[in-house]
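To start, the structure under review is shown below, and the notes come after it.
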Amino acid sequence: MTGLIVDSDEHRAIRESVAKIAARYGHRYFASRGREGRQIDELWSELGAAGFLGVHLPVAYGGGGAGLSEYVVVLEELAAHGIPLLLAVVGPAICGSIVLAYGSEELKQAWLPGLASGERRMCFAITEPDAGSNSHMVSTTARTDGEGWRLSGAKYYISGADEAEAVLVVARDGERLDDGRYPLSLFVAPLAAPGVRLEPIETELVSPERQFTLTFDDVRLEPETLIGERGKGLRQVFAGLNPERICAAALSNGMGRYALDRASRYANERAVWSTPIGAHQGVAHPLAEAYIGVELARLATVRAADLHDTGGNAAEAANIAKFAAADASLKALDQAIQTHGGNGLSREYGLADLWFVARLLRTAPVSREMVLNFVAEHALGLPHSY
Ligand SMILES: Cc1cc2nc3c(=O)[nH]c(=O)nc-3n(C[C@H](O)[C@H](O)[C@H](O)COP(=O)(O)OP(=O)(O)OC[C@H]3O[C@@H](n4cnc5c(N)ncnc54)[C@H](O)[C@@H]3O)c2cc1C
């Protein structure tokens with residue numbers, strides 16, 4: 001498959017190097033670690049040591065000095081080998097981007113080199129039981145105690161909290177404003193601090209990252225844990241949200257490629273009548289259609305990453321890419337499963353276990369309805385409905 005994306009020499013070099021590492025681990029490694037509830041420390045360390053986890057971060061902070069476009073190549077290629085790493089979106093992409101854009105020099109020095117090398121991990125917490133899609137209404141509260149803050153509240157569906165040293169947490173910090181919203185602040189809260197409790201949430205995802213409810217019970221936060229300006233958290237968090245969406249799209253695109261690669265190989269080999277099943281248009285056309293969807297989503301993702309890297313407004317492009325990629329990868333995976341007949345559901349063929357990871361990306365990090373809300377309002381000028 002050649003596809004619509006023409007890699008630059010630099011992108012081709014990254015893709016080939018990541019592919020070499022990913023091929024040594026493979027989807028079986030990813031799935032078995034997911035089933036066993038074990039982490040992927042060896043792979044993570046190897047990606048960090050090779051410079052891939054921080055390829056988009058500045059050289060001055062231990063990164064590769066490239067952009068999100070290059071990180072997209074890394075994530076897509078891993079996922080195209082059946083290794084869609086959610087944690088690589090959370091730590092290096094969301095937290096790394098926010099700390100880089102707004103963190104103090106001290107926070108940048110403390111965190112970015114470790115995020116880039118893979119030696120330190122940070123998770124991200126905005127979602128709350130009573131304030132999911134509506135981030136304006138987070139009720140986790142940071143109360144200043146003169147020097148620092150005391151943090152209380154709960155966050156849920158926090159990926160990888162057991163693997164991380166700290167959490168980038170979005171908290172209410174002050175009285176209600178005239179527009180009915182609350183000022184928000186961002187903190188890098190240590191997860192080992194007294195008063196932090198982690199409770200696993202059981203999900204059906206076959207993925208090494210686990211999900212947690214995090215409870216903060218009067219957790220002391222030192223002044224230097226504040227990111228950027230107090231009360232400006234909502235604006236600041238946006239520095240991480242476009243990268244999050246673009247990277248989530250890269251995971252979906254990679255999974256779409258993985259599924260279609262498996263399906264086309266199988267359809268060429270499996271013959272139940274006189275020809276390989278791929279000769280039947282009932283098998284070939286849905287795969288071709290799924291391929292077109294994945295390639296269009298890849299184009300949208302490359303465009304969004306490029307807009308982000310060149311300082312353009314990437315919000316619409318990032319939302320479109322994320323939406324298109326999530327739908328395209330699900331369609332590709334479903335068709336790959338169908339192409340495999342009964343084998344599509346077997347463990348051996350490594351497709352069905354990806355279903356919930358691919359499905360997740362329709363809901364998180366931003367749901368398809370919230371993307372449609374954004375596009376309706378900002379691209380089409382329709383009224384805000386909620
Ligand atoms: C496996 C997993 C990992 C996650 N990891 C993280 C993480 O690391 N950190 C983190 O902070 N969060 C994380 N999340 C949370 C995720 O971002 C949210 O689940 C997602 O944003 C949706 O929020 P919600 O679940 O509260 O749904 P709700 O906000 O309750 O929405 C429920 C449904 O209603 C729809 N809806 C809500 N409001 C509107 C509206 N105005 N118009 C139209 N439809 C609407 C939604 O689209 C959705 O379909 C994770 C979730 C999962 C499942």
- prompt: So for M137, M370, M255, M122, fewest C-beta neighbours within 10 Å to most, what's the order?
  reply: M137, M370, M122, M255
message: When a/c reaches 1.5 or more, the comparison of a/b and b/c decides; with that in mind, is the chain rounded, prolate or oblate per its Cα gyration tensor?
response: prolate
message: Please compute the contact order of the chain in relative form: average sequence separation of alpha-carbon pairs under 8 Å and at least six residues apart, divided by the residue count, as a percent.
response: 16 percent
message: Averaged across orientations, what area in nm² does the convex hull of the alpha carbons in segment 206-333 project?
response: 11.5 nm²
task: Based on a Kirkwood Rh over C-alpha pairs, give the Stokes-Einstein translational diffusion coefficient of segment 1-137 at 25 °C and viscosity 0.890 mPa s in µm²/s.
output: 154 µm²/s
- line: Neighbour-count ranking for Y71, Y258 (other C-beta within 10 angstrom, fewest to most) reads Y258, Y71
query: So for segment 288-356, Kirkwood radius off the Cα pairs, Stokes-Einstein at 20 °C and 1.002 mPa s: how many µm² s⁻¹?
result: 163 µm²/s
- request: Classify segment 200-253 as rounded, prolate or oblate from the Cα gyration tensor: take a ≥ b ≥ c as the square roots of its eigenvalues, call it rounded if a/c is under 1.5, otherwise prolate when a/b beats b/c and oblate if not.
  value: oblate
field: Alpha carbon convex hull of segment 319-372, volume per residue in cubic angstrom
entry: 62 Å³
message: Under 12 Å between alpha carbons, and skipping anything fewer than 8 positions from K331 in its own chain: which aspartates and glutamates qualify?
response: E289
query: Dipole magnitude of the chain about its Cα centre, charges +1 at Lys/Arg Cβ and -1 at Asp/Glu Cβ only, in debye to the nearest 20?
result: 760 debye
- line: Normalised per residue, the volume inside the convex hull of the alpha-carbon atoms of segment 37-102 in Å³ amounts to 83 Å³
message: Order these by the 10 Å Cβ neighbour count, fewest first: E76, E147.
response: E147, E76
message: Give me log10 I(q)/I(0) at q = 0.19, 0.25 Å⁻¹ for segment 1-60, Debye formula, one equal scatterer per alpha-carbon, no solvent.
response: -0.85, -1.08
Burial order of peptide ranges 60-67, 240-247 (average beta-carbon count within 10 Å, highest first): 240-247, 60-67
statement: Per the C-alpha gyration tensor (a ≥ b ≥ c, the square roots of its eigenvalues), segment 131-254 is rounded if a/c is under 1.5, else prolate if a/b beats b/c, else oblate; here it's oblate
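Taken together, the values in this text are just the output of simple stated rules run on the coordinates, not laboratory data. Every value quoted in this text rests on a predicted model; they were computed, and no experiment measured them. Quick reminder, even Gly has a Cβ in these numbers, built from the backbone with ideal geometry, and neighbours come from all protein chains shown.
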